[in-house]
Structures are given as structure tokens and as C-alpha cells.
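Worksheet: one structure, shown below.
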């Protein structure tokens with residue numbers, strides 16, 4: 001691409017600053033105002049064009065705090081362009097800057113803003129479907145403390161803006177988003193709704209405070225095999241193990257998200273209050289700085305780590321005790337002779353005593369999982 005190319009009449013393309021499967025991102029300048037901008041480019045011939053759809057979604061959200069401003073979008077001879085507000089580093093970048101672990105204080109501050117962002121998106125009839133640390137970006141200058149939500153290329157409307165009619169429940173959907181942070185229902189092929197964005201935020205903030213997630217680093221022969229193994233690991237990891245040493249509120253957050261019905265409106269205030277309770281208990285100051293600000297300030301002086309973990313009482317064990325496999329698994333046989341594996345979910349309050357029919361024994365490799373009482377993903381809530 002010609003780096004001196006002008007688009008939209010007044011935007012000049014500068015140097016490349018990022019890219020991915022979607023295309024490329026360049027910095028640029030508005031020649032009328034001399035303001036710095038970012039330009040997202042999607043070349044012609046892209047297998048799954050997303051940029052114009054993303055631009056329209058962002059335009060519909062442009063009144064929100066933490067939503068990138070869109071200055072222009074359109075098609076050129078070589079592809080599609082979107083001119084937008086220039087932002088700072090992603091939370092994944094900042095996570096790496098802080099030696100891949102955030103303090104509880106920073107984790108709580110981020111959770112609060114991330115929940116505000118996704119509530120605004122949901123209130124405007126959109127689900128994101130690719131929640132992850134890479135898709136939350138810090139602002140610049142006077143907005144450097146604001147968390148922005150970006151990359152709406154996989155987003156969609158979950159309800160009609162006029163009638164508020166929700167999209168229908170469906171199964172057998174391919175995984176949309178990023179497997180590491182995807183909800184269990186998404187892994188199981190269930191149509192996504194608001195609950196799935198919230199579960200993905202949960203995995204993101206657990207990742208920030210743990211430093212990793214148990215299903216990272218899984219290697220298999222194919223992508224589908226990898227997705228299967230990640231799902232099995234998520235299913236087989238009890239919440240008190242996933243959040244070991246965390247305040248109980250993290251477990252309460254995940255239990256609530258997993259209990260939501262497909263069309264149910266989440267209680268965003270309740271979820272934020274969970275983390276506000278932690279902040280109050282720990283006596284965190286509302287004007288405290290993020291870890292990466294401290295890291296930058298201390299890099300020339302003190303070598304004291306800014307990622308020292310707060311000590312907490314071990315979270316109370318909330319998971320059910322393992323039950324014998326034969327008490328939880330049964331087979332039913334249809335008139336055609338097809339056997340169906342059925343998992344009884346009684347005893348798990350977050351799934352409200354629902355049963356989930358699994359397509360076959362191979363859908364979830366039970367032999368590789370923890371005791372059957374911990375297999376929660378088999379209980380889809382809808």
C-alpha cells in the first residue's frame with residue numbers, strides 16, 4: 001500500500017502499527033486538524049469481510065464512554081478502510097509489561113470498567129463474541145485511565161432494536177471468538193448471548209490475577225482437537241481450583257454467569273458490586289494507579305515488584321463432592337436405536353437442576369476429566 005495515500009479526502013496514511021488475519025492497522029493524520037488517527041484496512045478478496053460491518057456497529061455505539069470514535073469509513077480500490085480514534089496499548093500488552101501478572105487492585109479496577117463497557121454494548125442490542133485482553137485498549141493523554149473495548153468484527157445483534165425480540169436459541173454452532181476465553185456453552189456449539197460475553201470477561205480477569213489459565217499451552221494435531229481439549233479442561237477445573245487463593249467474589253461471579261439463561265438479562269450492578277466489595281474489604285483507593293503506571297515510574301529506581309500478590313483466606317469450597325460416575329451418567333435409546341448420553345445435573349445450583357444431552361460419548365472425553373461431579377459444561381443453561 002502506498003503510505004502516502006489519502007482517504008476520505010483528509011486522512012493521510014502513515015506507517016503500519018499492527019495487523020492480523022483481518023488486515024492491517026496504520027497510523028495517520030487528519031490534514032485539516034493535524035490530529036493523529038488510526039486507520040484499519042481490510043484488503044479486497046478477504047474471505048470473511050468484517051470491516052464495514054464493524055464500522056457500522058461502532059457508529060451505532062459512538063455515544064458511549066470507552067468506545068473508539070469513528071471518523072470515516074468506506075471502500076477504496078484496494079479494499080475497505082475505517083478511520084478511528086488513536087488509542088494506546090491493549091490490556092494484553094500491559095499484562096506483559098507487568099511480568100504477566102496484575103495485582104488484585106489493578107484487576108478489580110479493570111473488571112469494573114470492562115463490565116461498564118459490555119453493559120453499554122449489550123444495552124445497544126449488540127453482543128461482542130470475542131472478549132479477551134487483546135480487545136480492551138487503554139486510551140491516550142487525558143483518557144489514559146479509560147478502558148476501551150475494540151474489535152467488533154465478530155459482533156452481532158442479539159435482539160431487534162425496535163421490538164426487543166431476542167435471537168432464537170440454537171445448537172451445532174461453530175466456535176466464534178477465541179477459545180482460551182470462550183464460554184463453556186460456546187465450546188458446546190450453543191448460540192451466544194449476553195451471558196457468554198460476561199463469562200469471557202470472567203476468564204480474562206482470572207487470567208490477569210492468576211497469571212495464566214489452566215488450559216493454556218494445549219497442543220494437538222488439529223484446531224478442532226485443541227478446542228475439544230480446552231473445553232474438557234474448562235469443564236474439569238472446579239471454580240475453587242481455578243480461583244484458588246482469590247476472594248470468594250470471583251467464584252460468585254463465575255457461578256452467576258454460568259447460571260444465566262440464554263435470553264436472561266444479566267444483573268450488571270450485582271456483578272460490579274462483587275468486585276466493589278473486594279475493593280472495600282481491601283481498602284483500595286479509588287484513585288490508585290494501574291500497575292503499568294507504577295512499573296514505568298519505578299523502572300528507574302526501586303526494584304520492588306509492583307505485582308506482589310495480596311494474601312487472602314482460601315476461598316470456601318463451593319463445588320459438589322465427586323459422585324460415582326454411574327450415578328451421574330446414563331444412556332437413553334431412541335426408536336431408531338440411537339443411543340444418547342445424558343448427564344444428570346442435580347446438585348449444581350448454578351445450573352438449576354437441568355440435564356444436558358450430549359451427542360455422543362466422544363463429545364466429552366470423560367476419562368480425561370476430573371470426577372464427574374465437576375463436569376459442569378455438560379449442563380447447558382437455556
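Take the conditions surrounded by 23 or more Cβ atoms within 10 Å (Cβ to Cβ) and part of a helix (DSSP H, G or I) and apply them to residue 108. Does it pass? Step through it out loud before you land on a result.
On the way: surrounded by 23 or more Cβ atoms within 10 Å (Cβ to Cβ): yes; part of a helix (DSSP H, G or I): yes.
Answer is yes for this residue.
Counting just the residues of segment 269-294 that are in contact (Cβ under 8 Å) with a residue 12 or more places away in the chain and assigned to a loop (DSSP other than H, G, I, E, B), which one comes out nearest to the chain's Cα centre (by Cα)? Can you show your working first?
From segment 269-294, those in contact (Cβ under 8 Å) with a residue 12 or more places away in the chain are 270-272, 274-279, 281-282, 284, 288, 290-292, 294; that's our starting set.
Next cut, assigned to a loop (DSSP other than H, G, I, E, B) only: 284, 288, 290.
Numbers: 284: 25, 288: 25, 290: 20 Å.
So, considering only residues that are in contact (Cβ under 8 Å) with a residue 12 or more places away in the chain and assigned to a loop (DSSP other than H, G, I, E, B), the one nearest to the chain's Cα centre (by Cα) is 290.
Considering only residues in segment 113-170 that are in contact (Cβ under 8 Å) with a residue 60 or more places away in the chain, assigned to a helix (DSSP H, G or I) and in contact with a strand residue (DSSP E or B) (Cβ under 9 Å, 6 or more places away or on another chain), the one that is surrounded by the fewest Cβ atoms within 10 Å (Cβ to Cβ) turns out to be 116. Counting only strands (runs of 3 or more DSSP E) that fall entirely inside segment 23-86 and contain at least 1 residues that are modelled with pLDDT under 95 and in the same structural domain as residue 125 (by TED's automatic domain parsing), no element qualifies. Looking at segment 279-301, can you tell me whether even one residue there is modelled with pLDDT of 95 or more, under 18 Å from residue 201 (Cα atoms), surrounded by fewer than 15 Cβ atoms within 10 Å (Cβ to Cβ) and out of contact with any strand residue (DSSP E or B) (no Cβ under 7 Å at 6 or more places or on another chain)? Checked segment 279-301: no residue is modelled with pLDDT of 95 or more, under 18 Å from residue 201 (Cα atoms), surrounded by fewer than 15 Cβ atoms within 10 Å (Cβ to Cβ) and out of contact with any strand residue (DSSP E or B) (no Cβ under 7 Å at 6 or more places or on another chain). Could you list all residues from segment 62-73 that are surrounded by 14 or more Cβ atoms within 10 Å (Cβ to Cβ) and out of contact with any strand residue (DSSP E or B) (no Cβ under 6 Å at 6 or more places or on another chain)? Across segment 62-73, the qualifying residues are 64, 67.
Evaluate the following for residue 76: is it touching a helix residue (DSSP H, G or I) at 6+ places or on another chain (Cβ under 7 Å) and surrounded by fewer than 20 Cβ atoms within 10 Å (Cβ to Cβ)? Explain how you work it out, then say what you get.
Working: touching a helix residue (DSSP H, G or I) at 6+ places or on another chain (Cβ under 7 Å): no; surrounded by fewer than 20 Cβ atoms within 10 Å (Cβ to Cβ): yes.
So residue 76 does not fit the description; no.
Here residue 99 clears all of (1) in a loop (DSSP other than H, G, I, E, B); (2) buried (at least 20 other Cβ atoms within 10 Å of the Cβ); (3) in the same structural domain as residue 278 (by TED's automatic domain parsing) except the condition numbered (2).
For residue 220, work out the one condition from (1) in a loop (DSSP other than H, G, I, E, B); (2) more than 22 Å from residue 105 (Cβ to Cβ); (3) modelled with pLDDT of 95 or more it doesn't fulfil. It is condition (3) that residue 220 fails.
Looking at segment 249-268, can you tell me whether even one residue there is more than 20 Å from the chain's Cα centre (by Cα), farther than 27 Å from residue 93 by Cβ and in a helix (DSSP H, G or I)?
no
The values are calculated or read from the model by the stated rules, or taken from the named source; none is laboratory data. Keep in mind that what you see is a predicted model, and the values were worked out from it rather than measured. Cβ coordinates were reconstructed from backbone atoms using ideal geometry, including for glycine residues, and neighbour counts include every protein chain displayed.
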